[in-house]
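For reference, the structure discussed in these notes is given below.
Where a number appears in this text, it was derived from the coordinates with a stated rule and is not lab data. Note that the structure is a prediction, hence the values are computed from the model and not measured. Cβ: placed from backbone, ideal geometry, glycine included. Neighbour counts: every protein chain shown.
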């Protein structure tokens, strides 16, 4: 398994370690529930150095990305981040990603750890524009500092005015004495905070500084288990569970990042345009369990007559709501909030209700 600059630290803290996307990653430290609540109420630190980073540069960078990504990158300004996806030729999703505009001729793409090689090959094979592509994944480390106290912790370590960085924007600056750190007001927890990108060799120094600065705020290291429950409470998609090569962005509720602009001929555009005009047969929706139980990935969703109408893609007990929550693809007719459905759990049909996302308001 691969390691991150923080793997030895995780092991030293007695984290429960497990393989994820080829990396030896911490799943939990003190437990998913206390870690989840720590991020919602205070501040937590995630090692997300396993994520992939690609640089796209040169005079043809924008044209290349416009023909590869679903969202409209031409509207981005310097210092702005954008949620995006790579559609495939079948109208599915190669991956979802963040695009950072450094300046007009340079962008940074941040992709999912499990898809680094797949995404890199996809980008290279579709580079008809002549953009310069560099895989920076092994030369980039990343920490996500998330929670309502994240800004208080990090402001102690940086001369950059963090309050001046709007949501989904970023700045380069000094952090804990380390130069040229990319400080991004983004995250996948819904709790607010920042993501930091830096050279791997600076990792241990930055980790120590962040935890020293955060001691008065009850800062804790957080594992991938709580990261999953946090994103689920917000209704955020996880690639491989809720979206994949066979689900379209329109089915997944990502029509807002799918722009059919003149000349923007991304893969699968014709299929997705047809879906938009005719409507989709299934939609990703939120389910709250009414009967006691947990709707897990792969469980069938049925109607009142017991007919299978969909499947669960992600499910757990919500640490904040104390009930079972899930994301599921269901037939479009059953996707409206307030609709009563049932989840088949071990041959029992448990009542659930379709709700508007996010679960955590």
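Within the chain, all pairs of alpha-carbon atoms sorted by distance into 10 Å bins from zero give the percentages 5, 23, 31, 26, 12, 2, 0. The simple Förster model, with R0 at 30 Å and r as the Cβ-Cβ distance, assigns residue 103 and residue 260 a FRET efficiency of 0.65. Once C-alpha pairs closer than 8 Å and six or more residues apart are averaged by separation and normalised to the residue number of segment 281-355, the relative contact order reads 40 percent.
Label positions at residue 246 and residue 211, each projected 7 Å from the Cα along the C-beta direction, are separated by 4.3 nm.
When the gyration tensor of segment 103-186 is built from Cα positions, what are the square roots of 5 times its three eigenvalues, in whole Å, from largest to smallest?
Numbers: eigenvalues 174, 41, 29 Å².
Computed over segment 103-186, the values are 30, 14, 12 Å.
Label-to-label distance, residue 121 versus residue 174, with points set 7 angstrom from Cα along the beta-carbon direction: 4.5 nm. Highest mean packing first, where packing is the average number of other Cβ atoms within 10 Å per residue, the peptides 292-305, 270-283 line up as 292-305, 270-283. Based on DSSP H segments of at least four residues, each scored -39500 (n - 2.57), the chain has a per-residue ellipticity at 222 nm of -5500 deg cm²/dmol. Exposure proxy shown here: for 184, 114, the number of other Cβ atoms within 10 Å sets the order, fewest to most, as 114, 184.
Classify segment 263-331 as rounded, prolate or oblate, taking a ≥ b ≥ c as the square roots of the eigenvalues of its Cα gyration tensor: rounded when a/c is under 1.5, otherwise prolate if a/b is larger than b/c and oblate if not.
prolate
Highest mean packing first, where packing is the average number of other Cβ atoms within 10 Å per residue, the peptides 329-340, 135-146 line up as 135-146, 329-340. For segment 52-138, the pair-distance distribution built from all alpha carbon pairs, in bins 10 Å wide starting at 0, is 18, 59, 22, 0 percent. Modelled spin labels at residue 72 and residue 156, positioned 7 Å past Cα toward Cβ, are 4.3 nm from each other.
So if I take the centroid of the Cα atoms in segment 153-167 and the same for segment 258-317, what is the distance between those two points in Å? So the separation of the two Cα centres works out to 38 Å. One Cα centroid belongs to segment 223-247, the other to segment 18-44; the line between them spans 14 Å.
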